[in-house]
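The values are calculated or read from the model by the stated rules, or taken from the named source; none is laboratory data. What you are looking at is a predicted structure, and each value in this text was computed from that prediction instead of being measured. Methodologically, a virtual Cβ is constructed for each residue, glycine included, from the backbone with ideal geometry; neighbour enumeration extends over all protein chains shown.
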Amino acid sequence: MFSQGRFLAFLLAVSAVPALSAEPAPSATTALDLFVREPQFRDLALSPSGEYFAATVPQGDKTVLAVFRRSDMKVTSGFKMDGKTHVNAFWWVSPTRLLLEVGEKMGSLEQPRLTGEIYAVDAEGGNAEILAGPRKGLSEATGQATLIKPRDDGQTFAFMVDDLAQDDEHVIISTQSVYASSDVFTQAERMDVSNGSRRVLARAPVARAQFVADHKGDIRFAMGANSRNSDITYYRKDDDSDWEKLNDEAQTGLIVTPLGFSADNAIAYLQVSADSGPDVIESMSVATGERKVLLKDAVADPHHILVDPVSRAPIGVRYMDGASRTAFFEPESPEARSWRSLEAAFPGHTVDLRSSTSDGRLQLVVASNDRNPGHYFLFDRDAKSAAILVSAAEWIDPAVMAMKKPIAFKARDGLQLRGYLTLPNGKESAKNLPLILLPHGGPFFVRDDWSFEEEVQLLASQGYAVLQVNFRGSAGFGSEFEQLGAKQWGRTMQDDLTDATKWAISEGVANPERICIYGSSYGAYAALMGVAKEPDLYRCAAGNVGVYQLSLMFAEGDVQRMTWGENYLKDWLGEEGLDQISPTNLADRIKVPVFLAAGGEDERAPPSHTRAMERALKAAGVPVQTTIYPTEGHGYFDIDNRRDYYRRLLAFFSEHLGAATPH
């Protein structure tokens, strides 16, 4: 039933990350080995007592949980189910007990989906059981005689809300009926982690709600949206009080997002959008309701909320207008000083505190940046020393990775745009390079940032400069900037990408005869629209899991099936003039070779888009290569499929941009 082997011990027993000597850019085959492979672990966390570590570890078609003692690195417990199941997330809920959520491969689809179940396992000996969720026992999940005891009536999906760091006996979960519609009204429940018994704490006053509790475990905020996708935030003083509407986007034009409470529950922290400029952080007095602005940046929204690992209280934010930088609510607080001291110990890195002992003495610290996917350190606060445990990808040597350079330029209408330029390692001052413009997906509520990206590093390793731009509509620079992208598919959003390409040419970075545009999802649309709208600017285009016939978005896929999803399309894509901005209708303008790929089970961007694009290109006499992976969804989960996809993509770029040919 459980994996009791020592399959993870060797990962954590290392005393240093292996150093690789600097070498020439790897061949495509070597690059695939480096950048297209399973991680050695997905997550790692220290127990509240500091006695154990727990980690999620990929094992082929499943992901298992392993628990092991810190003192001798011996595995003491684990969780592993039959079938293609994956431990998606886990939480230490006491010094000796963990809760976890699982995903399962459904039908022929490779990507696992959350089952809406919460399991429990002990740090010693396993003793796994299901505490909440629609299945009544493991026998229904695996077909085997069950060792996991049924705890539920089979009528609800359950998801974690708060692990209640100060309470070893309970957590807060949200539940919803398995029969609920898309505009589901959830409820928050306090659950006993030993036996799964539950008590309702709050019923959501708005659909699709997320709950925020204070440090006593009282549900204080609920934030959701109506069918018109207007965000609504409710607040109440305690579990015995009625909900009061704090903000309705339809009335104020603003979005108010609750972040959490100060350690003494006296202050609630809110992220609030602005009519103009980036979001701000406000404090709200619980006693009086008075709100004050704590942090406001001139350029960027808060990118990530910094949380003290002991109290679990928000203490600051990370901004990402270029590289990572932090700001704190109380700059001279002990928590802020401690965080800054860690940042000083890892210059040039983003520092995250993954977990901590209850007393805060031992902290699991992750240091990462654009060239480093992450090194995990065990920091002893009292001794002021940090010992390296493991790298997120020990085969990656940051010294030979490519550097992401933050850039800024103005679009043709004067709008300030920001992004990243990645140049091949050792060619940071080179000019006239082959360039790949890489628009992100989304396109809304998504952005490019300074983090390590395997795909970007893969392309740079083959000698390509990679340009990423946060075009109008991207997240991270205020709601006004986002709204500039509404109904601008193929229009001003596309112009921003054109302007980025011309900027790279004017800077001397890009060889104007060797530029390709490539992206996934919306980025795939932008790639095909780019070569249709600017037929002489690019030498090739590649689109992955894309949408190309925009009218189909109202007829096929998982978004339009829901009332709120159809309204989202109307508000952000628009209904007028879709034929004029659909690449399938513009294939006769395309003059360059095209590469297409899709997942046969993709519900977000159904493969009918790719097939329609392929037919249109062939009818127009445009060379096109198409690959559809029958069992994949919106992206490629199976490692062999990922390798095959990138092998074909690199071969396509090599053929049309003149880089090394993969073997």
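Residue pairs whose Cβ atoms lie under 8 Å apart, separated by 6 or more positions or on different chains, with the first residue in segment 83-95 and closer than 15 Å to S49 by Cβ and the second of a type in the set (S, T, N, Q), are W92/S47; W92/S355; P95/S47; P95/S49; P95/S358. Just name the residue that is farthest from D183 (Cα to Cα) out of those in segment 197-254 that are buried (at least 19 other Cβ atoms within 10 Å of the Cβ) and aromatic (F, W, Y). Looking at the filtered set, the residue picked out is Y235. Scanning segment 597-620 for residues that are among the small types (G, A, S), in a helix (DSSP H, G or I) and farther than 17 Å from A526 by Cα gives S608, A619. Between A500, A486, the distinction of being out of contact with any Cys (no Cβ under 9 Å at 6 or more places or on another chain), farther than 17 Å from R539 by Cα and either touching a residue at least 40 places away in the same chain (Cβ under 8 Å) or part of a strand (DSSP E or B) (or both) belongs to A486 only. Kindly indicate whether A399 is in contact (Cβ under 8 Å) with a residue 24 or more places away in the chain and surrounded by fewer than 18 Cβ atoms within 10 Å (Cβ to Cβ). Yes; evaluated as a whole, the condition is true for this residue. Taking the numbered list (1) aliphatic (A, V, I, L, M); (2) under 24 Å from D163 (Cβ atoms); (3) in a loop (DSSP other than H, G, I, E, B) in turn, A323 passes all entries but (2). On the stretch given as segment 453-477, residues that are among the aliphatic types (A, V, I, L, M), outside any strand (DSSP E or B), farther than 16 Å from A524 by Cα and touching a strand residue (DSSP E or B) at 6+ places or on another chain (Cβ under 7 Å) total 2. Of the residues contained in segment 635-642, one or more are found to be buried (at least 21 other Cβ atoms within 10 Å of the Cβ), of a type outside the set (A, V, I, L, M) and in contact with a Lys or Arg (Cβ under 8 Å, 6 or more places away or on another chain). Please determine whether any residue of segment 579-596 is over 22 Å from L437 (Cα atoms), in the same structural domain as P535 (by TED's automatic domain parsing) and assigned to a loop (DSSP other than H, G, I, E, B). No: segment 579-596 contains no residue that is over 22 Å from L437 (Cα atoms), in the same structural domain as P535 (by TED's automatic domain parsing) and assigned to a loop (DSSP other than H, G, I, E, B). Looking at segment 224-294, the strands (runs of 3 or more DSSP E) lying wholly inside it that each contain 3 or more residues that are closer than 26 Å to L164 by Cα and aliphatic (A, V, I, L, M) sit at 267-272. The combined condition, being part of a loop (DSSP other than H, G, I, E, B), surrounded by 15 or more Cβ atoms within 10 Å (Cβ to Cβ), assigned by TED's automatic domain parsing to the domain that holds G478 and of a type outside the set (V, I, T), is fulfilled by N425.
Rundown of residues vs (1) modelled with pLDDT of 90 or more; (2) out of contact with any Leu (no Cβ under 9 Å at 6 or more places or on another chain); (3) on the phi < 0 side of the Ramachandran plot; (4) not aliphatic (A, V, I, L, M), yes/no style:
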residue	(1), (2), (3), (4)
D122	yes, no, yes, yes
G126	no, no, no, yes
K136	no, yes, yes, yes
L147	no, no, yes, no
D153	no, yes, yes, yes
M160	yes, no, yes, no
D167	yes, yes, yes, yes
I173	yes, no, yes, no
